[in-house]
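Engineer: Sending over a structure as structure tokens; questions will come in a sec.
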Amino acid sequence: MKKSLTRNLIFTLAASSLTRQNKRSSCHTKAHFIQQLQECKHFISLASVHSEILKSGFLSNTFTLNHLINCYVRLKKTQVARQLFDEMLEPNVVSYTSLMAGYINMGQPQIALLLFQKMLGNLVWPNEFTFATVIKACSMLADLITGKQIHTHIETFGFQYNLVVGSSLVDMYGKCNDVDGARRVFDLMGCRNVVSWTSIIVAHAQNAQGHEALEMFREFNYQSRDRPNQHMLASVINACASLGRLVSGKVAHGVVVRSGSEFNDVVASALVDMYAKCGCVNYSEKVFNRISNPSVVTYTSMIVGAAKYGLGRFSLDLFNKMISRGIKPNDVTFVGVLHACSHSGLVDEGIQHLDSMYRKYGIIPDAKHYTCVVDMLGRTGRLDEAYKLAKSIQVDPDGGPLLWGTLLSASRLHGRVDIAVDASNQLIESNQQVANAYVTLSNTYALAGEWENVHSLRSEMKRTGIHKEPGCSWVEIRDQTYAFYAGNALFERGSEVLSLLRELERKMKERGYVGGKTGLVFVDVEDEAREEIVGLHSERLALAFGLISIPKGITIRIMKNLRMCRDCHDVFKLISDIVERDFVVRDVNRFHHFRNGSCSCGDFW
């Protein structure tokens, strides 16, 4: 009896030991598979590991299967990951989140949203990474309605104060153009990191709130111990570019250098663009030349910047160098190339580039490219060809107003009432640029002497309450921005400005200047007026203020929300010669660098 008990005890202990050994072996095998999956970099090796897992019987283990799904997602084999997911008996939150991330990485955010709905329907509760992932899907789609619904779920599950989720929400609201929503989420975040700060700065910068973006960047530097990342720096630099804030842009450039991001492609491209938009194309070229292997983005920034500055041949040379280095252009590159041809009178060369887009590079021209060609033809007086092209192409609702507005400007310049009438009607029917359409058509009638039509259009504008955007120019002095509005001299040192303008006008008349004769030339210049009102156009007020405020030897840089009229253009050329100073004016369309009585545009703008 004792021998029997002893024998049973030995068998029991042996079985227990074998079970423990099997468990240890199983855990070791599982850990081995997971390590292999984490280190796997190729589909062939992944298939081999998948086969071993299947043979070992671990394919039913949720933990191991989630790692396998995640590996397929990482190698962009989302369809295989989906097959594994569909075969799971009880997929958990990790399974759903991994697959959702896979679809987002493959550019299919709609499927990720459907998976999220399925997940909630199966009572699998999301975690912070699930919410961050599904919010990213809404960001990609700019789907504010669904984003707000998920925001409600986030609050229901108590993740509204989570750092990762909050940063994702700020980014989503920003990409959906709801900056107020982004700011509300940001202000409620108890803890913020460089990602959340970047998201709110980008939200302001991408929604034409450059001043607010710069202010948030100052707060970040004051409150946070984190260093800015490349996306934050690029957004801050872009904000400086949109505002024409050269001093702030140089400060941001200093931060870039200190952070070691000067040669980052995104940041470098932003710097090239910023200096060009602030009228310092030579600085753009210096930044560009320091990049050892510029990408298509950096090349495009330099090509567009030089084109806006009137350096058409330089832009085209850059394009040819880019092609010779085997870098394929994109659609934005061709906008820059066509713009360069347009502002340099290179019509035939521009049309050749348009024809090469699809034939050589497989890029289908869209409204932006055709608008450049219409502008190109219109500037050289080939209005009938421009009109025929505009009538022959199909453009989307966003591109149409730009196309017809460009044709309207050209027809106004050359006095083609027939084309101006049709272009204006196209704009009015689209309910965009309506005020510009009325004003420009009125000016076209005035040039043709059709005063009855002029009065009729002006009466219609008054009746319907349509008002022209007021001309506004601004100048930056010691990191302070001073804005000036047409016809309004009620500002600091206003009496000095008027006195200087009167003195300059006297000197110009001694040189044969007759003021106010060509105050309106383009679609989006300031309203026509008597000579004394033309003399108070916003850029003239800004120039006079700059002359009395900025020391001699420093270039005066002026930004303007509309295009310069020809009279102001003539005046700036004369004054640059009289006072022996350089002026750079960035209007809504391009740059004008006035020096020694001439302009970089060659009077072709």
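Engineer: Would you pick out the residues in the stretch 291-311 that are within 21 Å of Lys328 (Cα to Cα) and out of contact with any helix residue (DSSP H, G or I) (no Cβ under 7 Å at 6 or more places or on another chain)?
Structural biologist: Across the stretch 291-311, the qualifying residues are Ser292, Asn293.
Engineer: Specify which of the listed residues (Val395, Val374) is among the aliphatic types (A, V, I, L, M) and open to solvent by 20 Å² or more (accessible area, probe 1.4 Å). Before the answer, list the steps.
Structural biologist: On the way: Val374 fails: open to solvent by 20 Å² or more (accessible area, probe 1.4 Å).
Going through Val395, Val374 in turn, the sole match is Val395.
Engineer: So, one more: Look at the stretch 285-324 and say how many of its residues are of a type in the set (A, V, I, L, M, F, W, C), modelled with pLDDT under 95, in contact with a Phe, Trp or Tyr (Cβ under 9 Å, 6 or more places away or on another chain) and farther than 30 Å from Gly260 by Cβ.
Structural biologist: 1
One line per residue, one yes/no per condition, for (1) assigned to a helix (DSSP H, G or I); (2) open to solvent by 10 Å² or more (accessible area, probe 1.4 Å); (3) of a type outside the set (Ser, Thr, Tyr):
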{"residue": "Leu233", "(1), (2), (3)": "yes, no, yes"}
{"residue": "Ala239", "(1), (2), (3)": "yes, no, yes"}
{"residue": "Val247", "(1), (2), (3)": "yes, yes, yes"}
{"residue": "Val251", "(1), (2), (3)": "yes, yes, yes"}
{"residue": "Gly254", "(1), (2), (3)": "yes, yes, yes"}
{"residue": "Val257", "(1), (2), (3)": "yes, yes, yes"}
{"residue": "Glu262", "(1), (2), (3)": "no, yes, yes"}
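Engineer: Still on this structure, please answer the following. Tell me, which residue of the stretch 545-566 that is assigned to a loop (DSSP other than H, G, I, E, B) and β-branched (Val, Ile, Thr) is most open to solvent (accessible area, probe 1.4 Å)? Walk me through how you get there before you give the answer.
Structural biologist: Here is the first cut: in the stretch 545-566, the residues assigned to a loop (DSSP other than H, G, I, E, B) are 550-555, 561-565.
Cutting the leftovers down to β-branched (Val, Ile, Thr) gives us 550, 554-555.
Details: Ile550: 19, Ile554: 89, Thr555: 41 Å².
By that ranking, first place goes to Ile554.
Engineer: Find all pairs meeting these conditions: Cβ atoms under 6 angstrom apart; at least six residues apart or on different chains; first residue within the stretch 126-138 and touching a residue at least 24 places away in the same chain (Cβ under 8 Å); second residue among the small types (Gly, Ala, Ser) and open to solvent by less than 10 Å² (accessible area, probe 1.4 Å).
Structural biologist: That search, which allows pairs on different chains as well, returns Ala137/Ala112; Cys138/Gly147.
Engineer: Within the stretch 331-350, which residues are open to solvent by less than 50 Å² (accessible area, probe 1.4 Å) and out of contact with any Cys (no Cβ under 6 Å at 6 or more places or on another chain)?
Structural biologist: Thr333, Phe334, Val335, Gly336, Val337, Ala340, Cys341, His343, Ser344, Gly345, Leu346, Val347
Engineer: Output the number of the condition that Ala420 fails; it satisfies all remaining conditions of (1) in contact (Cβ under 8 Å) with a residue 60 or more places away in the chain; (2) open to solvent by less than 30 Å² (accessible area, probe 1.4 Å).
Structural biologist: Exception for Ala420: condition (1).
Engineer: With (1) touching a Gly at 6+ places or on another chain (Cβ under 8 Å); (2) surrounded by fewer than 20 Cβ atoms within 10 Å (Cβ to Cβ) as the list, and Ala435 as the residue in question, which single condition is left unmet?
Structural biologist: So the condition that Ala435 fails would be (1).
Engineer: Within the group Arg225, Arg313, Arg218, which residue is more than 30 Å from Asp375 (Cα to Cα), open to solvent by 50 Å² or more (accessible area, probe 1.4 Å) and part of a helix (DSSP H, G or I)? Can you show your working first?
Structural biologist: Numbers: Arg225 fails: part of a helix (DSSP H, G or I); Arg313 fails: more than 30 Å from Asp375 (Cα to Cα).
Of the residues listed, the single one that is more than 30 Å from Asp375 (Cα to Cα), open to solvent by 50 Å² or more (accessible area, probe 1.4 Å) and part of a helix (DSSP H, G or I) is Arg218.
Engineer: Checking the condition of a type in the set (Ser, Thr, Tyr) and more than 24 Å from the chain's Cα centre (by Cα), which residue from Tyr387, Tyr361, Tyr309, Tyr370 passes?
Structural biologist: Among Tyr387, Tyr361, Tyr309, Tyr370, only Tyr387 is of a type in the set (Ser, Thr, Tyr) and more than 24 Å from the chain's Cα centre (by Cα).
Engineer: With the condition kept exactly as written, say whether any residue in the stretch 159-167 is under 21 Å from the mean Cα position of the chain (by Cα) and surrounded by 17 or more Cβ atoms within 10 Å (Cβ to Cβ).
Structural biologist: Yes, because at least one residue in the stretch 159-167 is under 21 Å from the mean Cα position of the chain (by Cα) and surrounded by 17 or more Cβ atoms within 10 Å (Cβ to Cβ).
Engineer: Quick check on Leu233: is it aliphatic (A, V, I, L, M) and touching a strand residue (DSSP E or B) at 6+ places or on another chain (Cβ under 9 Å)?
Structural biologist: no
Engineer: Pull up the stretch 449-492, narrow it to residues that are under 37 Å from the mean Cα position of the chain (by Cα), charged (D, E, K, R) and open to solvent by less than 90 Å² (accessible area, probe 1.4 Å), then point me to the one that is modelled with the highest pLDDT.
Structural biologist: Glu476
Engineer: Moving on. How many residues does the stretch 294-328 contain that are within 20 Å of Asp348 (Cβ to Cβ), in contact with a Gly (Cβ under 9 Å, 6 or more places away or on another chain) and not aliphatic (A, V, I, L, M)?
Structural biologist: Within the stretch 294-328, residues that are within 20 Å of Asp348 (Cβ to Cβ), in contact with a Gly (Cβ under 9 Å, 6 or more places away or on another chain) and not aliphatic (A, V, I, L, M) number 4.
The values are calculated or read from the model by the stated rules, or taken from the named source; none is laboratory data. Keep in mind that what you see is a predicted model, and the values were worked out from it rather than measured. Reconstructed Cβ throughout: ideal geometry from the backbone, glycine too, with neighbour counts over all protein chains shown. Note: areas computed on protein heavy atoms with side chains; ligands, DNA, RNA excluded. Shrake-Rupley method; radii C 1.70, N 1.55, O 1.52, S 1.80 Å.
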